[in-house]
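Note sheet for the following structure.
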Amino acid sequence: MRLHFRKRMVIIDDITKPILQEFRQYEQMLQQTFDSENPLLKEILHYLAQGKGKQLRPMIILLAAKLCGQITENTLLSAVSLELLHTASLVHDDVVDTTMERRGKPSINAQWDNKVAILAGDYILSTSLETAIRTQDVKLLSVIANIGKSLSGGELLQLSGAQSGTLSEQDYFKIIRQKTAQLFIVCVEAGAISAQGTEQQLQALTQFGEHLGVCFQIKDDIFDFSDNDTEIGKPTMNDIREGKMTLPLIKALQNAPESHRQPVETIIRNKDFSTGNLAIIKKFVHTFKGIEESMDIVQKQKNQAQQALDFFPESEAKTALLRVLDYAVERIR
């Protein structure tokens, strides 16, 4: 475990190395947006700040800008805006999914309640848009504003699948492209636009962002079938408890003979997610190569992301973006 932790820290250090000074500027700017005179809001924002993740998305924005030219004030504002938007979406998602834990801590809805979480998420979302307006760049504003529509559309499509108890592989990829992948696309687009990158640079980075986002989400979905909650830092089997069909389960259902598939389909259709039935589903996914085939797709997506970056000459920023890709595929949580 310690070895894995050190390896993760080395990767993150490698990613931030070319943008260390600018990343510190970003962190200062983000902290300023978390100031509030409202005592409850201040407490919530402080709580969120303590539990912030590795902040890969702002790093990607800064690296994309550096790859296309140089990091500007608008790059930093875009990074803050998109990190706030992402945070707001997580707060709202935890309410929708009745998630009680986020990054090893109680979620906002668990620590306070749903009403507080929704209002806090609304405040953070408004602050995100307010920050984006400060760029005074219509192209940047359009990119950032449209991501909200994509995220909510993907969430609604996923909820529709959860209600029916079925989801095709095609619809699964449509959902993750609208949700996770689109956010990564917007990050690289915002970086490129803020650095006044060329259309060709923007297209190459858009392809990279899409494949990176798909890698990231499939790996998350694989974690949900892990045998070790402690190692990945969150409860497992949450997606299926909520009726969400993800790629490992979809692949296992495709591979399994009817005699093994029918009992699992019955559990899903009846939403009978007892501890025993969840164990049956987990074993089913592992037995019929749901994890193995999902990881094969992750590797193919990684290769396509690498190929997209071949457009750019070698640089520290390019190397760091490739390290982001390594991290997305190799991470253990």
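Observations, loosely collected:
- Failed item, numbered, when Leu140 is tested on (1) more than 22 Å from Arg57 (Cβ to Cβ); (2) part of a helix (DSSP H, G or I): (1)
- Filter result for the condition that a residue is of a type in the set (Lys, Arg), in contact with a Phe, Trp or Tyr (Cβ under 7 Å, 6 or more places away or on another chain) and within 22 Å of Thr16 (Cα to Cα), over Lys318, Lys302: Lys318
- Failed condition for Pro263, given (1) at pLDDT below 95; (2) in a loop (DSSP other than H, G, I, E, B): (2)
- Residue match in the stretch 124-140 (condition: crowded, with 20+ Cβ neighbours inside 10 Å, more than 28 Å from Asn38 (Cα to Cα), in contact (Cβ under 8 Å) with a residue 40 or more places away in the chain and of a type in the set (S, T, N, Q)): no
Every residue, every condition in (1) surrounded by fewer than 21 Cβ atoms within 10 Å (Cβ to Cβ); (2) over 19 Å from the mean Cα position of the chain (by Cα); (3) part of a loop (DSSP other than H, G, I, E, B); (4) among the basic types (Lys, Arg), yes or no:
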residue: Ile19; (1), (2), (3), (4): no, yes, no, no
residue: Gln32; (1), (2), (3), (4): yes, yes, no, no
residue: Ser36; (1), (2), (3), (4): yes, yes, yes, no
residue: Ile44; (1), (2), (3), (4): no, yes, no, no
residue: Ala65; (1), (2), (3), (4): no, yes, no, no
residue: Leu76; (1), (2), (3), (4): no, yes, no, no
residue: Leu85; (1), (2), (3), (4): no, no, no, no
residue: Ala88; (1), (2), (3), (4): no, no, no, no
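- On inspection, Gln158 passes the criterion of being at pLDDT below 90, part of a helix (DSSP H, G or I), within 17 Å of the chain's Cα centre (by Cα) and buried (at least 24 other Cβ atoms within 10 Å of the Cβ).
- Qualifying residue in the stretch 233-244 (condition: under 18 Å from the mean Cα position of the chain (by Cα), modelled with pLDDT under 95 and assigned to a helix (DSSP H, G or I)): yes
- Of the criteria (1) at pLDDT below 95; (2) surrounded by 18 or more Cβ atoms within 10 Å (Cβ to Cβ), which one Gly165 fails: (2)
- Scanning the stretch 281-327 for residues that are outside any helix (DSSP H, G or I) and closer than 30 Å to Pro58 by Cβ returns Asp310, Phe311, Phe312, Pro313, Glu314, Ser315.
- Verdict on Lys289 being crowded, with 16+ Cβ neighbours inside 10 Å and at positive phi: yes
The values are calculated or read from the model by the stated rules, or taken from the named source; none is laboratory data. Quantities reported herein were computed from a predicted structural model and do not represent experimental measurements. FYI the Cβ positions are ideal-geometry reconstructions off the backbone, even for glycines, and counts take in every protein chain you see.
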